[in-house]
1. I'd like the distance separating the alpha-carbon centroids of region 122-182 and region 1-65, in whole Å.
2. Please give the FRET efficiency for Phe144 paired with Glu32, using the beta carbon to beta carbon distance and R0 = 22 Å, rounded to the nearest 0.05.
3. In square angstrom, what is the accessible area per residue of the chain with a 1.4 angstrom probe?
4. Calculate, in nm to one decimal, what Ile20 and Thr8 gain on full extension: separation in residues at 0.36 nm each, minus their alpha carbon distance.
5. Once you list every other residue whose beta carbon is under 13 Å from the beta carbon of Glu36, what net charge do they have if Lys and Arg are +1 and Asp and Glu are -1?
6. Using the C-alpha gyration tensor of region 67-185, what are the square roots of 5 times its eigenvalues, in whole angstrom, with the largest one first?
7. Mind telling me which of Ser153, Ser46, Ser198 comes out most flexible in a GNM of the chain, alpha-carbon contacts under 10 Å?
8. Remind me, relative contact order of region 1-244 in percent, using alpha carbon pairs under 8 angstrom and six or more residues apart?
Amino acid sequence: MVYYFILTAIPFAIVSAFSIHWITLSEESNPEKRLEISRGVYLGFSFQVIVFAWLLFQLGHSRFAYPVIAIAFSMLGDWFNLQFPLAKKYMKDPVLGGIFSFAIAQIFFILALRQLITWEELYSSPRPFIISLLLIILPALIFFFRVYNPSRSKWVMASAFIYGIILCFFVSLCINAYLLYGGVWIYLGIGAGFFLLSDAVMGETTINGTRHPKWEFQVPWITYLIAQCFLLVGFFLVSHTRLLAH
């Protein structure tokens, strides 16, 4: 009972608090001003997700270490993407640091998944290969038409493209795992899907650098927080059920 309370109450509190914060920004239409006002608040939300991850690690077992590391690198990526003065002082474009950090985070998410399921299990028929291939090709096309900006740094564009491939591969693994086993794997599928949505929105706004809607930072952030919470809950539940099965 305590597990279920923690798994639902903490994510609900984080997302609800962000929604309330978002309402307080309704009068400010400039996205850059919104970021300036919210920078510290958003890093605080990121820290709350790390605390949630650490709590689940304490309730779980050693298999949960990789998700905690992934969340830690995600917070580092948040620090870069929020463009704190210190980051801007040492990097011409802090977003590049964010991309590298999140790429490492996705690798640790993949390693966490690999602790729960083997390649042989995942790719035991043609369908998962097709899903993985489609989820890599389609986002690549979207990147070309909606994200790529030749006036931006080539390092940023190339890194964002490579990161997108890593992220989409992780998403395909979560989807294939759910289609294979169903059940609590749905949490990982939903979390990965929200992560892809968050980064897709950020890609065509902040990464592209020419589109700056009012909600430029808020939509990616709330979908990102939802993604992190679903992934953490998913890894915890799948780890628990896989241990019981063995």
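1. 26 Å
2. Details: r = 27 Å, r/R0 = 1.22.
Using R0 = 22 Å, I get an efficiency of 0.25.
3. Per residue, the chain has 49 Å² of solvent-accessible surface.
4. On the way: separation 12, 0.36 × 12 = 4.32 nm, distance 1.82 nm.
Value of the extension gain: 2.5 nm.
5. Working: positive: Lys33, Arg34, Arg39, Lys88; negative: Glu28, Glu32, Glu216.
Net local charge, Glu36 excluded: +1.
6. Working: eigenvalues 180, 69, 15 Å².
Equivalent-ellipsoid dimensions as semi-axes: 30, 19, 9 Å.
7. Ser153
8. Working: 268 pairs, mean separation 55.3, N = 244.
Taking the mean separation of contacting Cα pairs over the length of region 1-244, I get 23 percent.
The values are calculated or read from the model by the stated rules, or taken from the named source; none is laboratory data. Predicted model, so just to flag it, every value in this text is computed and none were measured. No Cβ is skipped: glycine too gets one built from the backbone with ideal geometry, and neighbour counts run over all protein chains shown. These area figures cover heavy atoms from the full protein model, side chains too; ligands, DNA and RNA do not enter into them. Shrake-Rupley method; radii C 1.70, N 1.55, O 1.52, S 1.80 Å.
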